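Working notes for the structure below.
FYI, it's all coordinate maths here, none of it is from the lab. Owing to the predicted nature of the structure, the values given are computational and were not obtained by experimental measurement. Cβ coordinates were reconstructed from backbone atoms using ideal geometry, including for glycine residues, and neighbour counts include every protein chain displayed.
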Amino acid sequence: MTHDSRHAHDGLADALLDLLRAHDPEIAGLMQNERDRQQTTLELIASENHVSPAVMHPMGSWLTNKYAEGYPGARYYGGCVFHDQIETIARDRANQLFGSRFANVQPHSGAQANMAVFMALMAPGDTFASLVLKDGGHLSHGMKINFSGAYFKPVHYPLHYTPTHAEFERIDYDAARKVCMETRPKVVMCGYSAYPRVIDFARFRAIADECGALLVADIAHIAGLVAAGVHPSPFPHAHVVTTTTHKTLRGPRGGLILTSDEELAKKIDKAVFPGVQGGPLMHVIASKAVAFGEALRPEFKAYQQQVVANARSLAAALIKHGFRITSGGTDNHLMLVDLRTKSDSLTGADAEKWLEAAGIVCNKNGIPDDPRPPRVTSGLRLGTPAITTRGLNTADMVTLAAWIDRVLSASGAENATTQVRAQVKSMCERYPLA
Ligand code: DSN
């Protein structure tokens, strides 16, 4: 974004906030606080990003006023002529971006995309395979109290847990094959929330074929990398691909389902509506179309390449400071930091709290085979999509690693935290948000 257009957008955002302030000062004040928080802190939560003003605009518009249950050309309400065109453009752009034939852009979230796919591909009680959840999976991949674990039967495949193994903390494909051959799941799921390495989709497809399952790839985390060709594509290997649109893909908060199989596409459309959802969020679908349009541009590829370069640089710098990075590094946008190598008593919960006080926002995360419970953890998950959007480069990652080390080595002591907070603020001023 140029300086002039950033200035123009800031002016518009200020004017809109003034309108809201006159109407509802309480919410306007909190929105302003959140805007300031985002401007002045470094966002390292791997699943978050900063969208462009163009992606933001449709979500705060008159598009929110319309009911459009159904699909383009087959709605249950009148007045959908422009929404039909918007949704068709969103579907076409999604297919162009990922090389699929059919796209459903209506899921409100990634979990709802997965719910619809489960409904389309399985009957309640059917078995599916996914990664051991605490080692990087997602709650919609079989957590007991989630629909996926309550109404379906998950079986799990592991990572390699032996430190001396060459593939330590990477997917154990042989074990995955064994689990699948023994349990004959209807669906094999791959794609994770905290896995820093490349996923071998072809290998998963071979396993699915051998055990008679369909392969579903949930690429919520890596969708932007896949779209830009920076991570191998799940197509043509996966029968169905689900994703969110708001992580590396840098679109609005929402879900998306893709397939190239016409019969599966029909089942999926029925499962989304009327299976699990009613009216689609048409204002969000318009923002998805804008985001897919942005992702089709050459600069998006350069952005994703920088996301990965920054993640590698941050991981390497943290290793130099004495932190262990699980699996020895990263191939994508995120890394898991094993804090125990720094200090036996250092937990993810404390590290998250201390870093936030210094303006570095991230989340505690279990590391593979973590002995500590999920509310404590021995690890941090760090991701570079949001800080790369605001323009930070590989040299900045070296600085950032030194700040992280400073705060954690001082156990969050006030002196160190205050100094780093000031340095973070000044870096944020150098890289303002659009
Ligand atoms: N909650 C998301 C994440 O942070 O990875 C997954 O949906």
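Below, the figures for the structure above:
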quantity: Which listed residue is over 30 Å from Ala410 (Cα atoms), within 24 Å of the chain's Cα centre (by Cα) and without any contact (Cβ under 8 Å) to a residue 60 or more places away in the chain, from Glu294, Glu299; calculated: Glu299
quantity: Contacts under 9 angstrom Cβ, first residue in the stretch 44-64 being within 16 Å of the ligand (Cβ to nearest atom), partner among the acidic types (Asp, Glu), 6 or more apart; calculated: Asn49/Glu43; His50/Glu43
quantity: Criterion violated by Ala309 - all others in (1) over 29 Å from His239 (Cβ atoms); (2) surrounded by 17 or more Cβ atoms within 10 Å (Cβ to Cβ); (3) of a type outside the set (Val, Ile, Thr) satisfied; calculated: (2)
quantity: Neighbours by Cβ (under 6 Å, 6+ apart or cross-chain): first from the stretch 211-225, over 14 Å from His141 (Cβ atoms) and of a type in the set (A, V, I, L, M, F, W, C); second within 14 Å of the ligand (Cβ to nearest atom) and assigned to a strand (DSSP E or B); calculated: Ala223/Thr243
quantity: Pick from the stretch 365-384, criterion within 23 Å of His156 (Cα to Cα) and within 14 Å of the ligand (Cβ to nearest atom), ranking: surrounded by the fewest Cβ atoms within 10 Å (Cβ to Cβ); calculated: Pro374
quantity: The stretch 137-168: number of residues that are out of contact with any Gly (no Cβ under 8 Å at 6 or more places or on another chain) and in a loop (DSSP other than H, G, I, E, B); calculated: 13
quantity: Pick from the stretch 112-136, criterion buried (at least 23 other Cβ atoms within 10 Å of the Cβ) and outside any helix (DSSP H, G or I), ranking: nearest to the ligand (Cβ to nearest atom); calculated: Gly136
quantity: Residues of the stretch 158-171 satisfying the condition of being closer than 14 Å to Ser130 by Cβ and surrounded by fewer than 20 Cβ atoms within 10 Å (Cβ to Cβ); calculated: Pro158
quantity: Residues being touching a Lys or Arg at 6+ places or on another chain (Cβ under 9 Å), in contact (Cβ under 8 Å) with a residue 12 or more places away in the chain and surrounded by fewer than 20 Cβ atoms within 10 Å (Cβ to Cβ) - total across the stretch 75-101; calculated: 3
quantity: Strands (runs of 3 or more DSSP E) lying entirely in the stretch 186-286 (those with 2 or more residues that are farther than 18 Å from Pro107 by Cα); calculated: 187-190, 214-218
quantity: Single condition Thr388 does not satisfy, out of (1) under 30 Å from Ile171 (Cβ atoms); (2) buried (at least 23 other Cβ atoms within 10 Å of the Cβ); (3) touching a strand residue (DSSP E or B) at 6+ places or on another chain (Cβ under 9 Å); calculated: (3)
quantity: Single residue of the stretch 174-198 satisfying the filter (out of contact with any Phe, Trp or Tyr (no Cβ under 8 Å at 6 or more places or on another chain) and free of Cβ contacts under 8 Å to residues at least 40 places away in the same chain) that is surrounded by the most Cβ atoms within 10 Å (Cβ to Cβ); calculated: Arg177
quantity: Members of the stretch 137-162 found to be closer than 18 Å to Pro373 by Cβ, among the aliphatic types (A, V, I, L, M) and more than 14 Å from the ligand (Cβ to nearest atom), listed by number; calculated: Ile145
quantity: Count - residues of the stretch 200-227 that are closer than 30 Å to Arg324 by Cβ and within 15 Å of the chain's Cα centre (by Cα); calculated: 10
quantity: Subset tally (residues that are closer than 13 Å to Phe128 by Cβ and away from the ligand (no atom under 16 Å from the Cβ)) for the stretch 181-203; calculated: 6
